[in-house]
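The block underneath contains the structure these notes are about, expressed in structure tokens.
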């Protein structure tokens, strides 16, 4: 199982520390990173992907310094989905998803049956198989987001780092995506590690683990049903949300509408 470790990691922007120092390990299961705006969630995810220069500490992938690995080797282990897709709208849906196979093929490789199968599986999982020949610029924001997720899945990397993957999605597709994360973490062979930055706490509470950030530091790290984790969520959002557990033992969240 792929293991990604942040070891005393710190990030500075404009001479100001915006993340860390912090330590965390990511392997299997579904981890949701939550916190208020400016907490450092996306910065942490970019650091874990090797896309953010570090002011301190190290990122290790299976015990090896992440920044010492070749980009293709890194991409075979870690699939990355940014908040905003960076693929040109002139590409078709299939061409976009096929980019996920570059980690295995390189720029000059010729796709084979295994690559076609990976692309087909990814498009089926994200329900975009019917748009094969359409250009990205013809799709809605939510549809493009599903295509970008399919591109990440087509990599078949054992670890997925997804920054706001539910952006632009309507409620049914947000639910479908949460179920997909659960399936990827539990049922695929081998299971994948899924790390998501999420603003929607109702979805985040379905994860195996919550990593609660505030001002660049970890305030809590554990299962959503842990009372201390729930208290940390309430605290970092200034009491504007209430988190508890229902009669069936499932964590739930509600806006504290009487909060002042």
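The values are calculated or read from the model by the stated rules, or taken from the named source; none is laboratory data. This one's a predicted model, so the numbers in the text were calculated from it and none came from an experiment. Reconstructed Cβ throughout: ideal geometry from the backbone, glycine too, with neighbour counts over all protein chains shown.
Candidates 242, 199: the one that is out of contact with any helix residue (DSSP H, G or I) (no Cβ under 6 Å at 6 or more places or on another chain), under 24 Å from residue 49 (Cβ atoms) and either free of Cβ contacts under 8 Å to residues at least 40 places away in the same chain or surrounded by fewer than 16 Cβ atoms within 10 Å (Cβ to Cβ) (or both) is 199.
Condition check ((1) farther than 21 Å from residue 185 by Cβ; (2) touching a residue at least 12 places away in the same chain (Cβ under 8 Å)) across all residues:
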site: 98; (1), (2): yes, yes
site: 108; (1), (2): yes, no
site: 125; (1), (2): no, yes
site: 129; (1), (2): yes, no
site: 139; (1), (2): yes, yes
site: 149; (1), (2): no, yes
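Looking only at residues in the stretch 39-83 that are without any contact (Cβ under 8 Å) to a residue 40 or more places away in the chain and not in a helix (DSSP H, G or I), the one that is surrounded by the fewest Cβ atoms within 10 Å (Cβ to Cβ) is 70.
All of (1) in contact with a helix residue (DSSP H, G or I) (Cβ under 7 Å, 6 or more places away or on another chain); (2) at pLDDT 90 or above hold for residue 149 with one exception: (1).
Of 246, 221, 258, all but one fail to be farther than 27 Å from residue 99 by Cβ and at pLDDT 95 or above; the exception is 221.
For residue 192, the criteria (1) under 15 Å from the mean Cα position of the chain (by Cα); (2) without any contact (Cβ under 8 Å) to a residue 40 or more places away in the chain; (3) crowded, with 18+ Cβ neighbours inside 10 Å hold in every case but one, which is (2). Take the conditions (1) surrounded by 18 or more Cβ atoms within 10 Å (Cβ to Cβ); (2) touching a residue at least 24 places away in the same chain (Cβ under 8 Å); (3) more than 29 Å from residue 50 (Cα to Cα); residue 161 misses just one of them, which is (3).
For the stretch 25-38, how many residues meet the condition of being surrounded by fewer than 19 Cβ atoms within 10 Å (Cβ to Cβ) and over 15 Å from residue 194 (Cβ atoms)? Selection size over the stretch 25-38: 3.
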